[in-house]
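One structure coming up, written as structure tokens, with questions to follow.
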Amino acid sequence: MGLKPEANNHPGNTNTGSACSNSTGMVLEGSTEAVRVQALDLHSSCTRSQLHVTLGSNEHSQSSKDFVKYGEFIVLGYNGSLANGDRGRRRSRLALYKRSSANGVKPDVIHITSTPLASKALSNMGQHSVSYTLSRSQSVIVEYSHDSNTDMFQIGRSTETLIDFVVTDTAPSSQNNSEAQSMQSTISRFACRITCERSPPYTARIYAAGFDSSKNIFLGERAAKWRTPDGLMDGLTTNGVLVMHPARGFSEDSAPGVWREISVCGNVYALRETRSAQQRGKLVENESNVLQDGSLIDLCGATLLWRTTEGLEHAPTLKHLEALRQEINAARPQCPVGFNTLAFPSLARREVIEKQQPWVYVSCGHVHGYHGWGCRKEQGADERECPMCRRVGPYVPLWMGCEAGSYLDTGPPSHAFCPCGHVCSAKTVKYWSRIPLPHGTHAFHAACPFCATWLTGDKGYIKLIYQGPLD
């Protein structure tokens, strides 16, 4: 049974490192618990019999008023939904709700033991633990006990049921699917875990690595690990879990923060020299692993945006974006050469080029209808000369940015990212054009949040110049 996306509301490693922290519980959109919250927000294609079957196991559950929403994760680069549709735990956006009962865990007992004893401890399927292998003859095992005050959610590439949010590598829209599939994934199967406090203010924290099917996090001999000043153990995963908290929140006044690395125990460190270097960065004592509205989490292959419930209450909705689209179309912008009226396609057809589609010269911002003249093949196959100002550059169709959670404000869609042509508000393009998103082992590039295409040009965006109707 399908649910409408949450956006309609206000808006190749193994487990080489897993985390030590409180664990959180998460309700997936599309699961029976999520249905209780959004039972009235079903696709019209669902029949009464389907509704009865889906809700049957929850007929004695609480009303939606009793549910607490911690926040939402948005995967950058998908513009509102996966190419093949959001399904189950594999989707572009996922909301975290308070669980019916806590499933969090917290560090409890520490064992320093030989390898045979370590194997025995790790074989206990009912006990969460983190294993630090120091040598072939010695390991440190930290056992975890139940924490009734937190819910735990796990994120990773694995499709095992213990992973609440299945995330795969994000390929820029300029890269075809066959190329993306041939690349070896750099996202860990058990990448990270999130814990949310079950009591107000429902603080969410992130920890590197997640527990595997044996409820274990295993840091082998080659993994970065160390003893902390208080005698405990900590470590990093192979490719690391990076976090960036925006300065001044996620609003019209936001500014980029500094990328940090989160350890298995939730401590904050400066970045390593390269993504998988064995030497950790310096401890950043005045920062924490608490997620803020607008925090970015990079899993070395995919970047997630965290939006709090409070933040989404001030964000635009799909309904608002649709109203802005209709407002632009109602102004009847025209091609300054062909004089034909231009119109943005509906949000549902955001990847289908239509006859009235507006196109733009990304070097100058002049908006036209599609035409075949002005090619400058000597400067590149995609280079065109603008008939209005004679500037040469890419000529691309314009698309509405449909992931409302990526917007900083509710301003008009007056600007477009270069070179992809995704349109949104001025403050939104200016913010994302200044965000260096991790790429590979040590590179950073600003990218469009709607399609993950690397930004080009002096600014990475352009102000759109429309011509109004001649009448």
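What are the residues whose amide H is under 5 Å from the amide H of Met233, where those residues sit 5 or more places off or on another chain and H is modelled from the backbone?
It is Thr228, by chain and number.
Report the local net charge at Val290: Lys and Arg +1, Asp and Glu -1, summed over other residues whose C-beta lies under 13 Å from its C-beta.
-1
Mind checking the full-extension length gain between Leu232 and Arg87? Use 0.36 nm per residue of separation minus the Cα-Cα distance, one decimal, nm.
48.2 nm
Using a 1.4 angstrom probe on the protein heavy atoms only, line up Phe450, Phe218 by accessible area, largest first. Could the numbers behind the result be given before it?
Details: Phe450 5, Phe218 85 Å².
Output order, biggest surface exposure first: Phe218, Phe450.
So, R0 is 41 Å and r is the distance between the beta-carbons of Ile112 and Gln184; what FRET efficiency does that work out to, to 0.05?
0.70
List the pairs from Lys355/Lys463; Lys215/Lys282; Lys69/Lys215; Lys69/Lys427; Lys430/Lys463 whose alpha-carbon separation is above 18 Å, in the order I gave them.
Lys355/Lys463; Lys215/Lys282; Lys69/Lys215; Lys69/Lys427
Moving on. What spacing in nm lies between the two simple spin-label points modelled at Lys319 and Lys355, each 7 Å away from Cα in the Cβ direction?
Placing both labels 7 Å beyond Cα along the Cβ direction yields 3.3 nm.
The values are calculated or read from the model by the stated rules, or taken from the named source; none is laboratory data. Remember, it's a predicted structure, so these values are computed and weren't measured experimentally. Please note: Cβ atoms are built from the backbone with ideal geometry, for glycine as well, and neighbour counts cover all protein chains shown. Keep in mind that these areas ignore ligands, DNA and RNA; they rest on the heavy atoms of the full protein, side chains included. Shrake-Rupley method; radii C 1.70, N 1.55, O 1.52, S 1.80 Å.
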